[in-house]
Each structure stands twice: as structure tokens, then as C-alpha cells.
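Below: the structure, in C-alpha cells.
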Ligand code: SF4
Ligand code: SF4
């Protein structure tokens, strides 16, 4: 109980920090105006893509997540709950086909999530586990480097990789650049309806913007929820299972830092130098 | 000078109307795409670029290929190319125009295209590509048109025009280098992640561009009084042949690295392109034709020159052009997406509207080319007479 309260307080502190970015985040998510109109609080236009080859400086916040694969194995419902929570809150449309598919968070099998790992004689249980996959919020993100408009950028305040849907021109360079298949494109109008008159967005969440067709989207680490002191939707959906641990990687006393210090974790395709902020306990 | 394009034979007008008709069909399909979104194409989450971007990539090469005419004439004073240099420059104009149209066709939000200028982003290769492509278009319009116009007026062209043309030479290299950099700097796309991509792009450009040019020039020899001349033809054959050989040498180098190192990521796409992967093999016949057609084309090219058969040279040029179009206009871009970073094999088939728009843009390019060439050869013939 105590530990949980402590966690909560830390999360609240973190949220307060994230709250500093609230004007920028809200501005980005809600307003249609150009980004730099709010230069004082706007995210790092012009500095996106920096970071080079050195390790991240341990200053400022770098949000990250630990995903405990075993916990998702023990409770097979959990993954579905996470996906449902995220996709419904963020108005992610469901077209019911793979070609138009948009997803922010989804499950893969081990083989496809960890393509750089040997699959030879892997224990069978591992192969059956659902692996939660989402944007890695890379510290050295190739998608940000590729984007010609800075519609995809790294938040200076939290290190999360965010998007400005009003600036994106839909060139899809970022999709070619992302080595994790984390990005989806709006091939058609997500606000539309299918042949039977069913809307693609089942339950519209009026608090979060829907996207237009022709722009790219992906997980935003729930920037809009952090801004008002909430946890990311998927983390909340996991409750106190500890299946997802979220927090500041640069804070040595944060719960996520503790989990990382105590467990063996791996990252997806770390050899590419993208510095993912997602870690998996296998 | 443009009035030269406004009078012509019935055959000329029939060709123009034919091109306009295809453009009209393409335009109708584009309206559909505009209303529905890019979902009307065959592209998907896994294969997120299709024929638009692959045509764009190939045509950057055709545009850069004009260099092979401009460079010998202006830098080495190779007089024989005097009559056809303008064809190279005008081909570059048509090709870059098509490139820009293909980019616009591929954008999800075309009305926001100017965001690339409003928010300049030097770390994005697409930003640089836009600069070099528009710059190259500008240089060729000013240089090509200016020099021809001076000739039309019976004057020597101004010295500053010469500097524009000089500048266009390294610029031609830059457009294809930067276009290669769009691809070869992306982590996680093993097929593209190769330092030889830019050199390979250039080699195939220097074969494909002149091959198309020589083919058209030989057609014009039959339909108009414009003759490139024996010596220029022969020199072009040398250029096309060697450039195509170098391109295939580079392809062979890629094959060696992949299959000798046995690194799976390096082999996967080549497997998919030439043998099929996980039972998916829709590009295999094309890619094999590219290799064999290209090899036969090169052999035929030199043989036809030795035998002095013009038809042979034309067939060879067509074979080489098609071979390189498949190699770069299909295999290179589409192959890079298979398998996906998660090692899933998703195949791509262009949809009917997508093909219609693609053909419409090609027709628009040929319309520009036809008009420019009409003006060029009439001026040349008039002044030489
Ligand atoms: S996972 Fe992909 S989309 Fe997310 S930050 Fe990394 S490169 Fe960008
Ligand atoms: S699709 Fe949008 S976010 Fe992606 S690179 Fe292009 S402009 Fe940037």
C-alpha cells in the first residue's frame, strides 16, 4: 500500500513536470494554428533530430516504459485491455482490414517483435506470449530525422516523440524511416463510415482530436493525459499488475529506474542506434 | 520561339491529342484520389510507398542523364554533341517536372506541400531533395531555353548563360545523389542501407537517360528532317553501354555482399526480388527480365553499332531503358519494403486509379518533352539550313 502511494506521488510529481509542457501539448493537439506561434512553450522546433552518437545527457526528463512480458502471459486479457483503452481514448479508427489499418499499440509474437534475436531453440512459452509493441520513443529517432516539416519532433520536456497533425504533409518518409513499424497512415477519412453506416471510430472521445485523412499518426505516450496529471492509458489499464512501468529514465530514484536496475531487460533492435526508451522483461 | 510548337503536321497533333486524352483520364482518377484519399492506391501500412515514389526515383535518373550530353559538349568542347545537347537539357526539364508531379500525387496532404519551405528542416533529406530538384529544373529551363533562344535570334548566347550550364553539371550529380540519400540513410531498411546506392543510381541514370534520348532521336530521324548524325549516335552508344554495364556490375556487387556474407537482412529483399520469399513472388518475373533484358540489350547495342543497323540500336535502347526502369522504377523502391521491419511479407499491387494517375503524369511529361523538342529541332533546322 505504502509503496503504491509512493509510486503515485512520484507519478504525480512527474505529471507536474510534464504539466509544464501542457501549453505546448494542448496547443499542438487542439489548436489548428501554426506551432511556432507559441514559441515560448512550443516543443523543440529546429532542434529535433539532435542527439548524435553520445548517450543521452542525464538532464531533463526522458520518459520510458518497461514491459513485463511474463505478466502479459499470465493474464492474457491484459494486452487487449491496454489496446482497447489506448485506441478508444485516442479515437483510433478500426477499418477491419489490414491494408488501411491504424494502430498505436498492438501485440506481436516474439519472432516478429525481436527480429534481431535468434529464434533457434527458443523456449516454446516465449513464442506464445503476446508482446506489446508501440512506438519506442527513441532517444535518437530516425523518424524525426527524416521528417521534412518537423511535424514529427522530440519533446524537449519529456523526450517523447510527438506529432503535429496539422503540419504533416503525408509524405510518409517517417514510415520508411521507423525501424519498428510504429507508424500508421490515414489512407482514408477516419471520421467516415463503412458501407453499413458504422463509423470507423466506434465511440468518439470528444476530448481528443480526430485526425484528417492523409496524415501519419502513432503513440504519443499520452502527452495529453500526462499534461493533466494522469498516467498513460495503457499503464492505467494494467492497474497494479506492474506489467507496464512508466516513468523518467533520467531520474535514478524513479520506479522505472529501479525496475531496470533489478531486472534483465532487452530493447528492440538496439544495434541500430535508435536508443529505444522501451524495455522488455523477458 | 514557342510558336514553333503551335504548328505541326497531323501526326504531331494526333500525338498531342493522344497525350492529352491520357492526361485527362489520369486527371479524373486524381479527382477520385483527392476525394477518397491515398487508400485508393494499393499502398498499405507495410508498403507505404508505391509506384508514385518509384517513378519519381527513376525519373530523377532520367533527368540526371542529360548530363552525359551537356558535359562532353560544354566542358570538353565535343562539337559533335552540339545539336543534341539541347535535347538532354529539355529531357531534364520534362523528367524533373514529372518528378514533382509524382511527389504531389503521393502526398497525403498536397495542399500543405509548402510546409517543407515554411519549416525548413536541414536534417531531412527530403528538404534537400526539394531544393536540388527545383534548382535543377530552374537551371535547365534558363540554360537550355536561353541558349536555344540566342541561336533562334542568330546571336551568340550570353556568357552568364554558360555559367548556368556549368553549374547544372555538378547539380545533375547532386539530384541523384540526394535522391539516393533519401533511401540509404534509413536504419532498419537493409536493402537500401548501402553506400553503393548513390553510385548505382548515377550509373543507371547515365544509361537510362541517354538511352531514352537516343531512342527518341532515332524516331525523330524517321519522322522529321532532324538527324543526330552517325558520330553522335556512336558516341551515345558507348556512353549508354558502359553506364549500363557499370550499373549491372554494381548490382552484382550487392548480390555478392549479401550472399557471401549470408547476413539474413541483406539477403531477404534480394530473395524476394529474384526468387520469392515465403511464397510471395510478384516481382520475380520482372526482376529476372530486368537482368536478362538488360544483358541482351547491352550486347545488342554494341552489335548493332558494329553492323550499323539503326533498328537494332533502337531495340537495344528500349531494352536497356525498360530493364533499368524495372530495376529502379519497381524493384528498388518496392523491394525495400519487403520484408517489413517486423519481417512480414506484404505484397503490393498498384490499383487501377493509381496506374491511371501514373500514366497521366507520364503523358504530361511526354507532352512537355514533345513541345520542347518540337521547338528545339525546328530552331536547329531553321538555323542550319
Ligand atoms: S519507434 Fe519509430 S516512430 Fe517511434 S520514435 Fe522510434 S523511429 Fe520514431
Ligand atoms: S508523413 Fe508527416 S510526419 Fe511523416 S515525415 Fe512526412 S510530414 Fe513528417
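Derivation of every value follows stated rules applied to the coordinates shown; laboratory data play no part. Just so we're clear, the structure is a prediction, and the values are computed from it rather than from any experiment. With ideal geometry, Cβ positions are generated from the backbone for all residues, glycine too; neighbour counts draw on all protein chains shown.
May I ask you to sort A:164, A:139 by Cβ crowding, counting other Cβ atoms within 10 Å and putting the fewest first?
Going from sparsest to densest Cβ surroundings: A:139, A:164.
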Report summary line: With no solvent term and unit scatterers on the alpha-carbon positions of region B:1-66, Debye gives log₁₀ I(q)/I(0) at q = 0.13, 0.19, 0.23 Å⁻¹ of -0.64, -0.97, -1.03
Query raised in the report: What is the distance, in nm, between label points placed 7 Å from the Cα along the Cα-to-Cβ direction at residue B:252 and at residue B:32?
Result: 4.5 nm
Query raised in the report: What list do you get for A:137, A:112, B:190 if you sort them by fewest beta carbons within 10 Å?
Result: A:112, B:190, A:137
Query - Kirkwood-based Rg to Rh ratio, chain B, C-alpha trace - result: 0.96
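Enter the mean number of other protein chain beta carbons within 10 Å of the beta carbon of each residue in B:101-109, as an integer.
Working: counts 0, 0, 2, 0, 0, 3, 6, 13, 14.
Taking the mean over all residues of the peptide, I get 4.
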Query - region A:208-282 - Debye-derived log10 I(q)/I(0), Cα point model, q = 0.25 Å⁻¹ - result: -1.32
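Taking Rh as the Kirkwood radius computed over C-alpha pairs, what is the Stokes-Einstein D of region B:67-185 at 20 °C in a medium of viscosity 1.002 mPa s, expressed in µm² per second? Don't skip to the end; give the middle numbers.
Numbers: Rh = 15.5 Å.
The diffusion coefficient I find is 138 µm²/s.
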Query - Kirkwood Rh in Å, taken over the protein assembly as shown so that all alpha-carbon pairs contribute - result: 27.0 Å
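Just want the ordering: A:228, A:144, from fewest to most Cβ atoms lying within 10 Å of their own Cβ.
On the way: A:228 13, A:144 28.
In increasing order of surrounding Cβ atoms, one gets A:228, A:144.
Can you give me the relative contact order of chain B as a percent, contacts being Cα pairs under 8 Å and 6 or more apart? Can you show the working numbers first?
Working: 536 pairs, mean separation 116.4, N = 385.
Computed over chain B, the figure is 30 percent.
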